[in-house]
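Visitor: My questions all concern the structure below.
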Amino acid sequence: MSRRRIVTIDGPAGVGKSTVSRMTAVELGFTYLDTGAMYRTVGFYMSEQGVALDDRAGIAARIAEVEMELLPAADENSDTRVILCGRDVSGEIRTQEMSMVASQVSSIPAVRAFLTEMQRRYGEKENIVAEGRDMGTVVFPMAAWKFFLDASPEVRTRRRFDQLEERGDLVDFDNLLAQTLERDYQDSHRDIAPLVPAGDAVIISTDAVDAAGVTAQIINRVLGNSF
Ligand code: DC
């Protein structure tokens, strides 16, 4: 795998990773890889099958049943579409409930191994902008360009709140803030592939910069550090 064709963008929930990753991919002509969608899809499948989310052995035993296909978003403002065992689940996986479920199943080693392998296959096939929690640390440690986005929990919760509201998923702000903190804690304290910046990642605060501004910083770095 050539290390020169992969850009990784990691960071906590609500930091603006998806928008920035999509914009970066469009600018570079790379494929956008939304790995959160993959964890969401596994969580959705297991919940629908009635497997208890704390049944780690049960989930590990059934992970190979998850057949998913990622399709490019319809346009720059929409999310990656996901086909799970022949069915379009793009809407179902984006609820706040599925955010929490995804975070829970993401701590199971068999789930991470299964998805890490799938993600690397994408990286072998094409030039990608890979977005997630462990792209720069575990999945693509050889990537040429690594970024870690960060922002305060309040700013991230506000962004997520607005996004959910736009989709008609109405939630209470304080509850959402508590869930954001819980997800941060879960994602950064699990035993494998915890959410931490790679040692060689460029850290960008998105508190006071919009998605276009963050994307411009990333593109400058990538092109300045050319192919
Ligand atoms: O980015 P997101 O909100 O769609 O991710 C949902 C959950 O999936 C997140 O809380 C943790 C997990 N995840 C992960 O563990 N590793 C990734 N590379 C991407 C997501």
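Bear in mind that the values in this text are calculations on the coordinates, not laboratory data. The structure displayed is predicted, hence computed values, not measured ones. Cβ atoms come from the backbone with ideal geometry, glycine included; neighbour counts cover every protein chain shown.
Visitor: Determine the calculated [θ] at 222 nm for the chain from helices alone, applying -39500 (n - 2.57) to every DSSP H run no shorter than 4 residues and normalising by the residue count; nearest 500 deg cm²/dmol. Intermediate results must be reported in sequence, preceding the final value.
Guide: Working: 8 runs with 105 residues, N = 227.
Rounded to the nearest 500, it is -14500 deg cm²/dmol.
Visitor: May I pose another question? If packing is taken as the mean number of other Cβ atoms within 10 Å per residue, what is the order of 23-34, 41-52, highest first? Please list the in-between numbers first.
Guide: Details: 23-34: 19.7, 41-52: 18.2.
Going by the mean number of other Cβ atoms within 10 Å, highest first, we get 23-34, 41-52.
Visitor: Now for a separate question. What ranking, highest mean first, results for peptides 90-96, 159-165 when packing means the other Cβ atoms within 10 Å averaged over each residue? Numbers along the way, then the final one.
Guide: Numbers: 90-96: 18.6, 159-165: 16.3.
Ranked from most to least packed, the peptides come out as 90-96, 159-165.
Visitor: So, one more: Multiply the residue gap between ALA52 and ALA178 by 0.36 nm, knock off their C-alpha separation, and tell me the result in nm, one decimal place.
Guide: Values: separation 126, 0.36 × 126 = 45.36 nm, distance 2.29 nm.
Here the answer is 43.1 nm.
Visitor: Take the Cα radius of gyration of region 70-202 and divide it by 2.2 N^0.38 Å, with N its residue count; two decimals is plenty.
Guide: Numbers: Rg = 15.6 Å, N = 133, 2.2 N^0.38 = 14.1 Å.
The value comes to 1.11.
Visitor: What is the distance in Å between the Cα centres of region 64-96 and region 1-55?
Guide: Answer, in whole Å: 11.
Visitor: Which value does Rg/Rh take for the chain over its C-alpha atoms, Rh per Kirkwood? Please list the in-between numbers first.
Guide: Working: Rg = 16.5 Å, Rh = 17.7 Å.
Reported Rg/Rh (Cα atoms, Kirkwood Rh): 0.94.
Visitor: I'd like to compare 191-199, 166-174: which one has the highest average count of other Cβ atoms within 10 Å, and what's the full order after that? Mind dumping the intermediate values first?
Guide: On the way: 191-199: 15.2, 166-174: 10.6.
So the order, starting with the most tightly packed, is 191-199, 166-174.
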